[in-house]
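Enquirer: The structure is given below, and queries will be raised subsequently.
The values are calculated or read from the model by the stated rules, or taken from the named source; none is laboratory data. What you are looking at is a predicted structure, and each value in this text was computed from that prediction instead of being measured. Cβ placement follows ideal geometry from the backbone for every residue including glycine, while neighbour counts extend to all protein chains displayed.
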Amino acid sequence: MNTSLRFTLVLLGLANFPALALEQSQEHAMPRTQASNLNCQPPSTAPAANASQDLFDQYSWQLFIAVNWPAQAGQRGDPDCSKQPGDAGYTVWQTYKTVEETFLPQGADPGPWNSPQRAKSLGIINIAALKNSSQVNAVDQAVGGWLIDQAGNPTYYDISANETSYNYIVAHQFYNADVVSKANNINFPYGVIEVKSSWRILTPKDNASHYLTMLARVATFDEQGQRTGVTEAYLGLVGLHLITKVNGYPQWIWSTFEQIDNVPPKVQVNGVWVDQPASGTAYSYFNPSAAPATLNQSPCDWQPQGAHLVCVPKPGTTFQTPNPLNRFTPIAEITHAVNTRYRSDPDLQRSVLKYYQLITTQRPLMPDNPSNPLGQPTPALSANVTMESYIQPNSSCMNCHSMATPVRSPYKSDYSYLFKFANAPVGKTIKEEE
């Protein structure tokens, strides 16, 4: 473990954590006095399409709790139902196969699902880039831009999927860019869960007990945002997209959560939404002194480099300049009530999950309407401040993912951007097929 990381962990009270350990920090275990009301298994069905937002938000919380249940040792994707949220170890979704494990160099077969867990490694800093780029593995360019927190550190992203998704990809050899670029019938089975996560580096000023945490290797960058190497870091989860294809919902259901200290909550005063920062809380992405015109603005000055554009810091800024954020669409009152109900559940008080909140659940109001294949996304907007930071006013998960295709392919990929990570076999590139 490097000296700077050990110094940070000492100040955080976590000096005994081995570098890149498979266990995360959680709150200290407390004796259980009663059976838990929580369910270690994800909900098997979703509410009816015309059900209230309240029921869909409860569905999201049930899914969130289940995928954040401690995983069985040596068994990817399965909960250890003898444990409770808050017990040590990776959560279920942290044992899902990441894109790095699924889409290997040269389009190689990634092997069986239950391969040994590897040390975590995060290198993506621009989650929007992959969606909007036709370049193979162009993860740090195109639209969007990186996100620097108020401590001057980048936000890192990872994407993973459950066994149902993984087995479908492997069975059809869709890990191979040459194969998947020609596929005109991508159709995931029901039961697929994709997870998109965002992480920030925790500093001595942060309360680590308020975060789901992990030690990981992360990419390092110079002042212009160019990669310089890899280091170890102690990370806290700040955002989580849960995307699941449920029977009756071919357009999927979209749930997004955030850590509660990303930006301050809002309240209505005389019909106007205003920020209500909690006294003594240092928000990870909010600067109360920032001018309104500087909020939620991409840091990028796009410059041509070869056949594509790359993000260069705007004049007067560097890769360490914080990007102040605020929430554009307030959390709905119904969703806020569901958050309060679940976050105060006695069975979650041992867990860091009580420091997270649902932002919204987006789903199709009319999933089976042939005249409207998208199904009328409801609510119309859905944005996680750590993932759709700069496009919040018009962000819709369903609209965006309805346009997903593999690399250099005209065919839709069933609302999934996973195939943008596929690599071509050795000695062959997708471009050669054009």
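Enquirer: Between Leu11, Leu22, which is farther than 30 Å from Asn369 by Cα, assigned to a loop (DSSP other than H, G, I, E, B) and either at pLDDT below 95 or not aromatic (Phe, Trp, Tyr) (or both)? So that I can check it myself, show each step before the final result.
Expert: Details: Leu11 fails: assigned to a loop (DSSP other than H, G, I, E, B).
That would be Leu22, the only listed residue that is farther than 30 Å from Asn369 by Cα, assigned to a loop (DSSP other than H, G, I, E, B) and either at pLDDT below 95 or not aromatic (Phe, Trp, Tyr) (or both).
Enquirer: Okay, next question. Considering segment 180-203 alone, what residues qualify as being surrounded by fewer than 24 Cβ atoms within 10 Å (Cβ to Cβ) and within 16 Å of Met214 (Cβ to Cβ)?
Expert: Answer for segment 180-203, where residues must be surrounded by fewer than 24 Cβ atoms within 10 Å (Cβ to Cβ) and within 16 Å of Met214 (Cβ to Cβ): Val195, Lys196, Ile201, Thr203.
Enquirer: So, one more: For segment 79-113, which residues satisfy the criterion of being under 16 Å from Trp69 (Cα atoms), part of a loop (DSSP other than H, G, I, E, B) and in contact with a Leu (Cβ under 9 Å, 6 or more places away or on another chain)?
Expert: Keep residues of segment 79-113 that are under 16 Å from Trp69 (Cα atoms), which gives 79-96.
Those left that are additionally part of a loop (DSSP other than H, G, I, E, B): 80-90, 92, 96.
Residues satisfying the conditions are Gln84, Pro85, Gly86, Gly89, Tyr90.
Enquirer: Go through segment 329-358 and report how many residues are farther than 20 Å from Tyr211 by Cβ, in contact with an Asp or Glu (Cβ under 9 Å, 6 or more places away or on another chain) and either in a loop (DSSP other than H, G, I, E, B) or modelled with pLDDT under 95 (or both).
Expert: 1
Enquirer: Can you name the residue in segment 72-98 that is of a type in the set (A, V, I, L, M) and surrounded by fewer than 24 Cβ atoms within 10 Å (Cβ to Cβ) and, of all such residues, is nearest to Leu240 (Cα to Cα)? Please lay out each step first, then the result.
Expert: At the first step, the residues of segment 72-98 found to be of a type in the set (A, V, I, L, M) are 73, 88, 92.
Remaining after also requiring surrounded by fewer than 24 Cβ atoms within 10 Å (Cβ to Cβ): 73, 88.
Values: Ala73: 23, Ala88: 20 Å.
So the residue we want is Ala88.
Enquirer: Confirm whether Gln173 is of a type in the set (S, T, N, Q), out of contact with any Lys or Arg (no Cβ under 7 Å at 6 or more places or on another chain), surrounded by fewer than 16 Cβ atoms within 10 Å (Cβ to Cβ) and in contact (Cβ under 8 Å) with a residue 60 or more places away in the chain.
Expert: Values: of a type in the set (S, T, N, Q): yes; out of contact with any Lys or Arg (no Cβ under 7 Å at 6 or more places or on another chain): yes; surrounded by fewer than 16 Cβ atoms within 10 Å (Cβ to Cβ): yes; in contact (Cβ under 8 Å) with a residue 60 or more places away in the chain: yes.
Spelling it out, Gln173 is indeed of a type in the set (S, T, N, Q), out of contact with any Lys or Arg (no Cβ under 7 Å at 6 or more places or on another chain), surrounded by fewer than 16 Cβ atoms within 10 Å (Cβ to Cβ) and in contact (Cβ under 8 Å) with a residue 60 or more places away in the chain.
Condition check ((1) surrounded by fewer than 18 Cβ atoms within 10 Å (Cβ to Cβ); (2) in contact with a Gly (Cβ under 7 Å, 6 or more places away or on another chain)) across all residues:
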site	(1), (2)
Asn207	yes, no
Tyr211	no, yes
Thr220	yes, yes
Gly236	no, no
Leu242	no, no
Asp261	no, no
Trp273	yes, no
Ser298	no, yes
Trp302	yes, no
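Enquirer: Further question: Is it the case that Ala383 is over 30 Å from Val267 (Cβ atoms), buried (at least 17 other Cβ atoms within 10 Å of the Cβ) and under 19 Å from the mean Cα position of the chain (by Cα)? Spell out how you get there, then give the answer.
Expert: Values: over 30 Å from Val267 (Cβ atoms): no; buried (at least 17 other Cβ atoms within 10 Å of the Cβ): yes; under 19 Å from the mean Cα position of the chain (by Cα): yes.
No, not satisfied.
Enquirer: Could you check segment 162-183 and list, in sequence order, the residues that are hydroxyl-bearing (Ser, Thr, Tyr) and either part of a helix (DSSP H, G or I) or under 24 Å from Gln94 (Cβ atoms) (or both)? Working first, answer last.
Expert: First, the residues of segment 162-183 that are hydroxyl-bearing (Ser, Thr, Tyr): 164-166, 168, 175, 181.
Those that are hydroxyl-bearing (Ser, Thr, Tyr) and either part of a helix (DSSP H, G or I) or under 24 Å from Gln94 (Cβ atoms) (or both): Thr164, Ser165, Tyr166, Tyr168, Tyr175.
Enquirer: State the number of residues belonging to segment 269-304 that are touching a residue at least 24 places away in the same chain (Cβ under 8 Å), more than 21 Å from Asn207 (Cβ to Cβ) and not in a loop (DSSP other than H, G, I, E, B). Talk me through it step by step, then tell me what you get.
Expert: Step one: list which residues in segment 269-304 are touching a residue at least 24 places away in the same chain (Cβ under 8 Å), which gives 273, 275, 282-287, 290, 294-300.
Retained after the next criterion (residues that are more than 21 Å from Asn207 (Cβ to Cβ)): 273, 290, 294-300.
From what's left, not in a loop (DSSP other than H, G, I, E, B): 273, 294, 300.
Qualifying residue count, segment 269-304: 3.
Enquirer: Identify all residues within segment 240-263 that are in a loop (DSSP other than H, G, I, E, B) and either free of Cβ contacts under 8 Å to residues at least 60 places away in the same chain or among the aliphatic types (A, V, I, L, M) (or both); write none if there are none. I'd like the intermediate steps shown before the answer.
Expert: Going through segment 240-263, the residues in a loop (DSSP other than H, G, I, E, B) turn out to be 247-248, 260-263.
Listed by number, the residues that qualify are Ile260, Val263.
Enquirer: Whether any residue in segment 184-199 is part of a loop (DSSP other than H, G, I, E, B), within 28 Å of Thr231 (Cα to Cα), at pLDDT 95 or above and under 21 Å from the mean Cα position of the chain (by Cα) is what I want to check. Working first, answer last.
Expert: Step one: of segment 184-199, the residues part of a loop (DSSP other than H, G, I, E, B) are 184-192.
Those left that are additionally within 28 Å of Thr231 (Cα to Cα): none.
Looking for residues that are part of a loop (DSSP other than H, G, I, E, B), within 28 Å of Thr231 (Cα to Cα), at pLDDT 95 or above and under 21 Å from the mean Cα position of the chain (by Cα), one finds none in segment 184-199, hence no.
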